[in-house]
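Below you'll find the structure, written out as structure tokens, and then a few comments.
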Amino acid sequence: MDKFISLKGIAAPLPIVNIDTDMIIPKQFLKTIKRTGLGVSLFYEMRYDNDGKLIKDFILNKTPFDQSKILVAGDNFGCGSSREHAPWSLKDFGIRCVISTSFADIFYNNCFQNGILPLVVTPKQLDQLMTAASNQTEFSVDLPEQNIKAGNHSINFDIEEFRKERLLQGLDDIGITLGHQDKINAYEDDKKNKKPWLFKDN
Amino acid sequence: MSNHGPKTLFDKIWSEHLVGQREDGTSLLYIDRHLVHEVTSPQAFEGLKLANRKVRRPEATFATADHNVPTINRENISDEQSRIQVETLAKNTKEHGIEYFELTDRRQGIVHIIGPEQGITQPGMTMVCGDSHTSTHGAFGALAFGIGTSEVEHVLATQTIVQKPAKNMRISVNGKLPFGVTSKDLILYIIGQIGTAGGNGHVIEYAGSSLKPLSMESRMTICNMSIEAGARAGLISPDQITFDYIKGRPYAPSNEDWEKAIEYWSSLPSDQDAFYDNELVINSDEIDPMVTWGTSPEDVVAVNGYVPDPSSGKTENKQKSIQRSLDYMGLKSGTKITDIKLDKIFIGSCTNGRIEDLRNVASIVKDKKISSHVGGMIVPGSGLVKKQAEEEGLSQIFIDAGFEWRDAGCSMCLGMNPDQLKPEERCASTSNRNFEGRQGRGGRTHLMSPELAAASAIKGTITDIRDFI
């Protein structure tokens, strides 16, 4: 997995609440068997008209926001479907950090699997950052320091230690877990006796 | 969560499945059953292959194709990408020795319908699937939640998942459900109360006297939509109704295992005085048959109500979001809900595609015709639901009423297959999401119970079942 240490760049403001993963990447793009190539379809229905032409007014279609590495969005970002195609498409577009007041659980987990940093801020901080983003202020996100700077604003954020470590080092979860195989074996041996019906071969 | 003292159902399942835990609470949780479908698994199997890893417990993993499959003429899937996805699942499951309910198998169907139907879903289990509606299985007292594709790969390789414990929320609904009010109305009402982020970080346990008499099918509808309230999972304590449902199903425990299982399952219900981080108590009298008017499942209103005004939003953001929804839905505030004219009716999905739902629909549309200006489609949740509906004569009732009777799949719930709304088409749908574009670009979805959708099909406008019967 790609590491995430720090990031500098402008941020795209998307002041809509409850942005769901269907909006982030609509169903027709879930037919792929690859993880890559989805950036062009990110926010498809907001970004393209019925004829497939770019809608110029949409924020990610405007210069310089079409180069955004950060997205500032309304409450409850990423709700709905579990599709990991949502973070895949964000990342493929170039977005490595999403800032909101809250995230849906599955989307939040999926971000960390892909080297994307989802940041939770207070409603007041979100308003400040939304304005800063609209003004094309340069943001800098520093994960080791757990800090975002945008113009005059300097905001510290919380993140769980384990998640932070994994992002900083770009660690693969499966590799870590397979290092604990002995524990998984011991768990299974214990449960085979206690709950044998869960371990019958079909 | 405390290790001592009274525990909730969630606490019990969680601690029973802990393989390891770090100081910050991050836990390695054992997964008993893993359900796999064609859309969110190909990249996971590819990942395994690239790293030269195996599936740890193929016998604890079950697969079917449901999301993108056609519900008509499906001998040949004409959409090339969909066909490749289905073929890829067939190849991957074969390679790793995973049971696969393929399209020609009667047992094929929506993954959350067939888990319970086959007896795979059992109380006290941990279950995952690369699909958010995995919460459905919580109706059995199983801790079941949706995961992303990277986590699918993790579970395939290790039979575990990395998780932080959720918080406990209890929603108690007391009293007999009023006439015309179903479990779908109940869960829509709850989502309206707590909002789509209301359950974030929580597992919701549903309790109270209203739930006790409910069938497993009705309970599944409630747990299914927990994710629409933002919850990681929904849970209902297992009881005799649960045990009776499971007994004798193909993958259910049998003989001496059955006795042991019942003993364990009976120990699962939450202890008295267990701690909940959040509680909500609802009196069933408050609940009417519910309908969504907007583009989020929290945009609900009683069927005898009116389309809301943006000024009713508590914050400026909420007001904007109401306006955005109204514009998308092509609705004016103040319109009577029952004056809303429909184009399409969709009955099916993991929320309401079970045999009980179809029986209820049949009882309403029997000897009637659907309105001349609507198209209606009924999609059974599985091949076995389809077979049973045909044996009971339900399918003939549907066909005589003017509905299309399809093969099993997710269908128009998410419109990944050809079953989609056209722009501005308005649909009464028994599914779970009314998001913008969910059922087709520009399509307008009104979520409701199968009973309301059936009555609405006959009248051609959204219909209050209480005036219809």
Checklist entry - On average, how many beta carbons from a partner chain sit within 10 Å of the beta carbon of a residue in A:19-28? => result 6
Next on the checklist: Taking every DSSP beta bridge with both residues inside chain A, roughly what % is antiparallel (nearest 5)?
Outcome noted: 50 percent
Checklist entry - List the trypsin sites (Lys or Arg not before Pro) in segment B:170-267 that DSSP assigns to loop (not H, G, I, E or B) and whose Cβ has at most 16 other Cβ atoms within 10 Å. Which are they? => result B:LYS176, B:LYS247
Checklist entry - So in the protein assembly as shown, what percent of DSSP beta bridges are antiparallel if you round to the nearest 5? => result 35 percent
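What's the average, rounded to a whole number, of partner chain beta-carbon atoms within 10 Å of each residue's beta-carbon in B:16-24?
Shielding by partners across B:16-24 averages 3.
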Next on the checklist: Placing +1 on the Cβ of each Lys and Arg and -1 on the Cβ of each Asp and Glu in the protein assembly as shown, which of B:VAL203, B:LEU280, B:VAL36 has its Cα farthest towards the positive end of the resulting dipole?
Outcome noted: B:VAL36
Checklist outcome for this item: Mean separation of Cα contacts under 8 Å (at least 6 apart) over the residue count of chain B, i.e. the relative contact order in percent, is 17 percent
Checklist entry - Going through segment B:53-161, which GluC sites (Glu not before Pro) have at most 10 other Cβ atoms within 10 Å and a DSSP loop state? => result B:GLU75
Item to check | Charge dipole of the protein assembly as shown about the Cα centre (unit charges at C-beta), most positive-ward option of A:GLY52, B:GLY415, B:THR8 | outcome: A:GLY52
Checklist outcome for this item: Length-normalised contact order of segment B:45-192, Cα under 8 Å, at least 6 apart, in percent, tallies to 21 percent
Item to check | Sorted by Cβ neighbour density within 10 Å, fewest at the top, the residues A:SER134, B:SER78 | outcome: B:SER78, A:SER134
Item to check | Debye log10 I(q)/I(0) at q = 0.13, 0.22 Å⁻¹ for segment A:4-73, Cα point scatterers | outcome: -0.42, -1.12
Checklist entry - Between segment B:381-421 and segment B:309-325, how many Å separate their Cα centres? => result 37 Å
Checklist entry - Ordered by residue, what ³J(HN,Hα) values in Hz, to whole numbers, does segment B:8-23 give under the Karplus form 6.51 cos²θ - 1.76 cosθ + 1.60, where θ = phi - 60° and Gly and Pro are x? => result 7, 3, 4, 4, 5, 5, 4, 5, 5, 10, 6, 8, x, 8, 8, 4
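Shape verdict for segment B:145-284, please, from the Cα gyration tensor: rounded (a/c under 1.5), prolate (a/b greater than b/c) or oblate. Please report the intermediate quantities before stating the final value.
Working: a/c = 1.68, a/b = 1.12, b/c = 1.50.
Oblate shape, in that a/c is at least 1.5 and b/c is the bigger or equal ratio.
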Item to check | Within segment B:305-448: Cβ-based charge dipole about Cα centre, in debye rounded to nearest 20 (Lys, Arg +1; Asp, Glu -1) | outcome: 460 debye
Checklist entry - Kirkwood Rh, chain A, all Cα pairs: how many Å? => result 18.4 Å
Checklist outcome for this item: Farthest towards the positive end of the dipole of segment B:49-97, among B:PRO58, B:ASN68, B:GLN81 and with Cβ unit charges of +1 on Lys and Arg and -1 on Asp and Glu, lies the Cα of B:PRO58
Checklist outcome for this item: Heads up, the protein assembly as shown by the C-alpha gyration tensor (a ≥ b ≥ c square roots of eigenvalues; a/c under 1.5 rounded, else a/b over b/c prolate, else oblate) looks rounded
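With +1 on each Lys and Arg Cβ and -1 on each Asp and Glu Cβ, and nothing else charged, work out how big the dipole of segment A:35-81 is about its Cα centre, in Debye to the nearest 20. Let's see the in-between values first.
On the way: 6 positive and 6 negative charges, 45 e Å.
Magnitude of the dipole: close to 220 debye.
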Next on the checklist: With every atom except the alpha carbons ignored, what do you get for Rg and Dmax of segment B:248-385, in angstroms?
Outcome noted: 21.8, 62
Next on the checklist: Within 10 Å of each candidate Cβ there may be at most 13 other Cβ atoms; applying that plus a DSSP loop requirement, which GluC sites (Glu not before Pro) in segment B:9-38 survive?
Outcome noted: B:GLU23
Checklist outcome for this item: Answer in debye to the nearest 20: the dipole magnitude of the protein assembly as shown about its Cα centre, from +1 Lys/Arg and -1 Asp/Glu charges placed on Cβ, is 820 debye
Checklist entry - Tell me, B:HIS446, A:HIS85 in order of fewest to most beta-carbon neighbours within 10 Å? => result B:HIS446, A:HIS85
Checklist entry - Taking neighbour Cβ counts within 10 Å as the exposure measure, how do A:MET130, B:MET412 sort from fewest upward? => result A:MET130, B:MET412
Checklist outcome for this item: Counting only DSSP beta bridges fully inside chain B, the antiparallel percentage to nearest 5 is 25 percent
Next on the checklist: So if I take the centroid of the Cα atoms in segment A:81-109 and the same for segment B:245-275, what is the distance between those two points in Å?
Outcome noted: 38 Å
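First select every other residue whose beta carbon is under 13 angstrom from the beta carbon of A:LEU54; then total the charges, Lys and Arg +1, Asp and Glu -1.
Summing Lys/Arg as +1 and Asp/Glu as -1 gives -1.
Using Cα pairs closer than 8 Å and at least 6 residues apart in sequence, work out the relative contact order for segment B:345-444, in percent. Mind dumping the intermediate values first?
On the way: 184 pairs, mean separation 31.8, N = 100.
The normalised contact order for segment B:345-444 reaches 32 percent.
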Next on the checklist: As an exercise, find the ratio Rg/Rh for chain B from alpha-carbon atoms, using the Kirkwood inverse-distance average for Rh.
Outcome noted: 0.95
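Every read-out reported here was derived from the displayed coordinates using simple, explicitly stated rules and does not represent laboratory data. This one's a predicted model, so the numbers in the text were calculated from it and none came from an experiment. A quick note on method: Cβ atoms are made from the backbone with ideal geometry, for glycine too, and the neighbour counts reach across all protein chains shown.
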